[in-house]
Amino acid sequence: MPYLRTATDAPFGAVPEGPTARIRPYNKAVGYATRIFPGDFVTLASDGNVQVAAAGDVLLGVAAMNSAASTAEANFLVYDDPDQLFVVQNDDGGTALAQTNVGNNADILATTGDTTTGRSLHELDQSTAITATAQLRIVGLHPIETAFAANRKMVVRINEHYYSQTAGV
């Protein structure tokens, strides 16, 4: 993974950590006018179609492929297993995460992906790390990192998942 570099501010969305548990196809409607990048956290719209998630949404999983804006996809692939672990970079807003945040929950910071690299720019919003319910559960610091700080790679599990809703800590 060339984008997985220690102690660098280079968001890449989320990528599976360890074995991939499951990838499942979903529908993406032609009328959805937002590009979905690989690594974007995704959710289901009220019509049952996949779309990019925002902070606070219940998550379906992580996009495993790219899809242009306003393009229908009958087999849009999503890493959707509720037990899948992911690697994601935390942002640099607020107080930096620490060992005491392991087991806490946090929301995502959903920003538009990079059209040059074709990668997601989603991050873990470290300023939202709490013991109450939030989208992601912080499992720990990724082994590539040596210390907690801003812009570090974290291992997370989706906490607010369509197939396995989990309350606070």
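Quick notes on this one:
- The residues listed here are T128, T117; of these, the one that is open to solvent by 60 Å² or more (accessible area, probe 1.4 Å) and either more than 12 Å from the chain's Cα centre (by Cα) or under 19 Å from T20 (Cβ atoms) (or both) is T117.
- Inspection of the range 71-90 identifies at least one residue that is in a loop (DSSP other than H, G, I, E, B), farther than 18 Å from A129 by Cα and hydrophobic (A, V, I, L, M, F, W, C).
- Matching option when the condition is under 29 Å from I144 (Cα atoms), modelled with pLDDT of 95 or more and either in a strand (DSSP E or B) or open to solvent by 60 Å² or more (accessible area, probe 1.4 Å) (or both), among P16, P25: P16
- Selected residue (criterion: farthest from L121 (Cα to Cα)) from residues of the range 25-38 that are of a type outside the set (A, V, I, L, M) and under 16 Å from the mean Cα position of the chain (by Cα): R35
- When the residues of the range 30-64 are filtered to those that are among the small types (G, A, S) and open to solvent by less than 30 Å² (accessible area, probe 1.4 Å), the one that is nearest to A150 (Cα to Cα) is G39.
- Residue check for A132: farther than 18 Å from L85 by Cα, in a loop (DSSP other than H, G, I, E, B), among the small types (G, A, S) and free of Cβ contacts under 8 Å to residues at least 40 places away in the same chain: yes
The values are calculated or read from the model by the stated rules, or taken from the named source; none is laboratory data. Since we're looking at a predicted model, the values are computed, not measured. For neighbour counting, all protein chains shown are included, and Cβ atoms are generated from backbone atoms with ideal geometry for every residue, glycine included. Ligands, DNA and RNA are stripped out before the accessible areas are found, and what is left, the full protein with its side chains, is counted by its heavy atoms. Shrake-Rupley method; radii C 1.70, N 1.55, O 1.52, S 1.80 Å.
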